[in-house]
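To keep things clear, I will list the structure first and then write my remarks on it.
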Amino acid sequence: MHQSWSSRKSKDALSFQDRRKVELSEDFASATNEMKENENSIPEQLSLLEEVLERTNMFEALKKVEDNAGVAGVDGLSTKELRDYLKQHWVGIRQKLLEGNYYPEKVLGVEIPKSNGKKRQLGIPVVVDRLIQQALLRRLNLIFDKDFSNSSFGYREGKRAQDALVKAKDHINKEDKTVVVDIDLAQFFDEVNHDRLLGKLSKKIKDSRVLILIKRYLQAGILKNGVLLEREKGTPQGGPLSPLLSNIVLDELDKELEKRGHSFCRYVDDCNIYVKTKRAGERVLKSVTTFIEKKLKLKVNLEKSASALVTQRKFLGYTFYKQKGVHKFRVANEKLESFKEKVKKKFKKSQGKNLGRFCKEELNPLLRGWINYFILAEGTRFAEDLDGWIRRKLRCNLWRQWKRGWTRRNKLMAAGLSEERAVMTAFNGYGPWYNSGKYEMNEAYPKKYFDKIGLVSLTNKLREFRSVNLLT
């Protein structure tokens, strides 16, 4: 059904986008003929495109796209404007999809900073394409997800990163596998081979029209800094279909690891294999790297991949420490530092704002989201230290807002300090950060003050979570 790229050199005179349209139109025509020839064989599969475009499925997909929000694509249309746009244009869009005349818009290429200083490449489809991809995702999940490995956790219904971490902990403590083979795939989303992916899709998708539509999404150009880039491989992060397609690609790795009898956990392209000895780890690292590069046609980052003790590597933001013969979770140092950087950015925008409103509207959502993810970390010391640091940052803000010595003196006296102590503190000549850590500021604005204005306590959240789990 699919002609090779090299057999189409005669179309080089056309622009990239026009050439793609000619090729994909030919593919769709071929697919339609194939549908007619096989229309009585597997009706539920051959009508998959109609199922994707079914009214209920589309409404559920629309709600998901609206809930996810996100920035607009190259056409500037936002998720808030999508519903009104569809009222006017959906009938025509649906007809084009069924007739094979629908072509995805260009993808907006953007870069976002990573915690290590590098940048992650994202591809942002227009909202109409996000809607269609979401509708495809809902139907394709029913076909593919049930056959995925139980050791695959990324972007799957009912599975979370915490589930992968708990299973990893079981491999370590219950199976005594304390050496981890940490496989890092180099630029995975940029390296996915389209032909291999489409071949895997075609084994379960019998409606060729759906395959052609997915192919069009894979090959849609990326508009980056005003330049249109062709794409012959990769599935850029940013579209709803990308996580599922990545899981389909890497399911082959999961099946191979299961066949070899390995204990492992995979979260999208983050794969950890657990073994008992360093010698076994070196052997597994070498053999699995060969499989990934030779069979899957993907690249392994040899600088970041390694075989080491579990206490020396991190997984999904956590790492392990050993206490009385048992391995326990702690937050990786890099994640603690990146969290502090995010908090600092919030504070840079907080000057002059009401402290209570700043905590409730800007700071608390960040604190809740972060601690809800790191709820598995053992102990409370890390949370207590962060709580103390955040309260000091807030006291520092207060000190800066007061500006003048007499204002500081009056505020400290109003908070309960004697005039002598308030004057000595207000006029001591030291800066905001020094004074925010002084005993006088801590006494005037203790923890209960911040509890009263509604500041989320990371320590309290940890204790609430653990008390609930003990009761259940």
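Distance distribution note for the chain: the fraction of Cα pairs above 35 angstrom is 47%.
Sorted from longest to shortest, the spans of the Cα atoms of the stretch 243-293 along the three principal axes equal 34, 19, 18 Å. With the convex hull of the Cα atoms taken as the outline of the stretch 54-165, the averaged projected area works out to 9.2 nm².
In the chain, Cα pairs under 8 Å separated by at least six residues give a relative contact order of 14 percent. Fully extending the segment from residue 306 to residue 256 would add 16.1 nm, taking 0.36 nm per residue of separation and subtracting the current Cα-Cα distance. If I model the stretch 406-472 as equal point scatterers sitting on the Cα atoms and use the Debye formula, what is log10 I(q)/I(0) at q = 0.16, 0.22 Å⁻¹? Rounded to two decimals, the profile gives -0.63, -0.91. Expressed in units of 2.2 N^0.38 Å, where N is the residue count, the Cα radius of gyration of the stretch 144-303 is 1.11.
Grouping the Cα pair distances of the stretch 273-383 into 5 Å bins from zero gives a pair-distance distribution of 2, 9, 14, 15, 13, 12, 11, 9, 6, 4, 2, 1 percent in increasing distance order. Between 0 and 90 degrees, rounded to the nearest ten: what's the tilt of helix 458-471 against the longest Cα principal axis of the chain? Orientation of helix 458-471: about 70 degrees from the principal axis. When both the stretch 74-147 and the stretch 210-262 are represented by their alpha-carbon centers, they are found 14 Å apart. Axis of helix 16-37 versus longest Cα principal axis of the chain: the two differ by about 60°, to the nearest ten degrees. Pairs exceeding a 25 Å alpha-carbon distance, out of 200/233; 159/314; 177/328; 340/447; 224/345; 169/295: 224/345; 169/295.
A crude spin-label estimate for the pair residue 159 and residue 340, with each label 7 Å from Cα along the Cβ direction, gives 3.5 nm. Applying 0.36 nm per residue to the separation of residue 464 and residue 51 and subtracting their alpha-carbon distance, the gain on full extension is 144.3 nm. Helix 127-144 and the long axis of the chain differ in direction by around 80°, with both axes built from C-alpha atoms. Here the Kirkwood formula puts the hydrodynamic radius of the stretch 44-109 at 13.3 Å, using every distinct Cα pair. Partner aspartates and glutamates whose Cα lies under 20 Å from the Cα of residue 360, excluding those fewer than 8 positions away in the same chain, are identified as 341, 384, 387, 451, 464.
Restricting the stretch 265-350 to GluC sites (Glu not before Pro) that sit in a DSSP loop and have at most 14 other Cβ atoms within 10 Å of their own Cβ leaves 303. When the charge dipole of the chain is built from unit charges on Cβ atoms (+1 for Lys and Arg, -1 for Asp and Glu) and taken about the Cα centre, the candidate among 412, 217, 249 whose Cα reaches farthest toward its positive end is 412. Of the trypsin sites (Lys or Arg not before Pro) found in the stretch 189-250, the ones in coil according to DSSP and having at most 15 other Cβ atoms within 10 Å of their Cβ are 203, 204.
Coordinate-derived values only; no laboratory data. Keep in mind that what you see is a predicted model, and the values were worked out from it rather than measured. All Cβ positions, glycine included, derive from the backbone under ideal geometry; neighbour counts span all protein chains shown.
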